[in-house]
Amino acid sequence: MRAEITQELMDTLTPDAKRDRYVSDVTISGFRLRVTPTGNITYQFAYRVPGSGKQRKMSIKAKSLSQARNEAFNLRAMVKAGEDPQAEKDKRGSLRKFEDEFLDWTVNPRSARRRGQGTAPRKERTAVEYRRMFLRHVPPKVRRKLVCDVTFEDLEAIMLKLSDRQPSANATMRVLKAFFSWASGRGSLLGPNQNPAHHVQLYSDVVRSYSFEGDDLNRLDKALTEAEQNTWLPIVLAVRLIMFTGCRRQEILELRWENVDLEKRQLNLVDTKTGQRRVMIGFGAIEVLERLQKHRELLPSPWVIPSPTNIQKNASITKAWQRIREAAGLPDLRIHDLRHGFGGAGAAVTPSPAHLRGLMGHKSAASGARYTNPAGEELASAADAVNERLVEGMARNVVPIRQR
């Protein structure tokens, strides 16, 4: 609807019960009213960005119609002068204000295409991890700053503060670099050469690894056996399943019974770090899954590792794992180190790098191995060999596993 927006007109407007209703002013191009189904009336200004022709709209906060008309008149003048009013407004926004928009962008499939990543967006849990880094490692005084006012020195201070946690420092700075690159590409928050993180130097990436030595595996096995007496059994068995499959923590915790095929000796993982994949399992993993099946007969759940408080949800093993590793005398052992241990055992007993790649679910492989694709039976045999080596280590108190 087009009409001259007056107070009399506003008093007579009736809302549409199903959708927003708009009234465009005939005297100031772009000035309009938005009437919601509940009858709420707000002022807006719509325009095309000079040069690109992109359509944009922005809210006008005003206490009266006359104030709104004056603001719309000024905004129209900015557009005629070749400026982008919303861009100027955005430049006054803080880093904290745009965090949500950036995180939404990271998981949006359309945004993924713009990043040149095909149609696959980043995973939702990636956005959750990014948010955690913003909240935990970026000081509130920096988050309150305008995006255009964050400096190289602010970001250097973050790196210095996290100098004793260099992997966390590097991960946080990579997220901030992505944020400021997004802000530059957005075309309104920063200019093309104004990324304050561009010249921040990261710490040297050191691949953290863990090698089982001496009786480490034997002590861990005893701690797990003891934990079975006073801990929710599926949680303890989840640790064993990670040990015997080399899977990542979330791959096991998010595993459903519908994706387990014991007859074919495989787990069909739907959503992993490297996409969908099939995991061939050895006898050790099969024994653990059979114990979990017996537990399921008593307490049916779609999850292989159900929660102790609600079996219709999957469990968390963080607190239990802390107790188990302390009891084993291995306070620095991470859950992910169990995957490393599986890989180390695999490197010693599998017939080729291609077999190890198949068991671990790695995308890349050593030169030449890309042309080899072992069959399922071969991978199952390789999984048996790795499981056997791990079991030997648990029984004999010594396991000469070399870290790959």
Among (1) assigned to a strand (DSSP E or B); (2) in contact with a helix residue (DSSP H, G or I) (Cβ under 8 Å, 6 or more places away or on another chain), the one test that residue 42 misses:
(2)
I need a count of the residues in the stretch 252-269 that are out of contact with any Lys or Arg (no Cβ under 8 Å at 6 or more places or on another chain) and free of Cβ contacts under 8 Å to residues at least 60 places away in the same chain.
9
Filter the stretch 289-323 for residues that are aliphatic (A, V, I, L, M) and in contact with a Ser or Thr (Cβ under 8 Å, 6 or more places away or on another chain); the one that is surrounded by the most Cβ atoms within 10 Å (Cβ to Cβ) is 315
Residue 121 meets each of (1) modelled with pLDDT of 85 or more; (2) not in a helix (DSSP H, G or I) with one exception, condition (1)
Name, by its number, the condition in (1) outside any strand (DSSP E or B); (2) of a type outside the set (Val, Ile, Thr); (3) under 25 Å from residue 87 (Cα atoms) that does not hold for residue 8.
(3)
Those residues that are part of a helix (DSSP H, G or I) and among the charged types (D, E, K, R), I need them from the stretch 210-264; list them, please.
216, 219, 221, 222, 226, 240, 249, 251, 258
Which residue pairs have Cβ atoms closer than 9 Å, lie 6 or more positions apart in sequence or on different chains, and pair a first residue in the stretch 69-84 that is in the same structural domain as residue 52 (by TED's automatic domain parsing) with a second residue that is of a type in the set (Val, Ile, Thr) and loosely packed, with under 14 Cβ neighbours inside 10 Å?
69/27
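The values are calculated or read from the model by the stated rules, or taken from the named source; none is laboratory data. Nothing here was measured: the structure is a model prediction, and the numbers come from that model. Ideal geometry is used to build each Cβ from the backbone, glycine not excepted, and the neighbour counts take in all protein chains shown.
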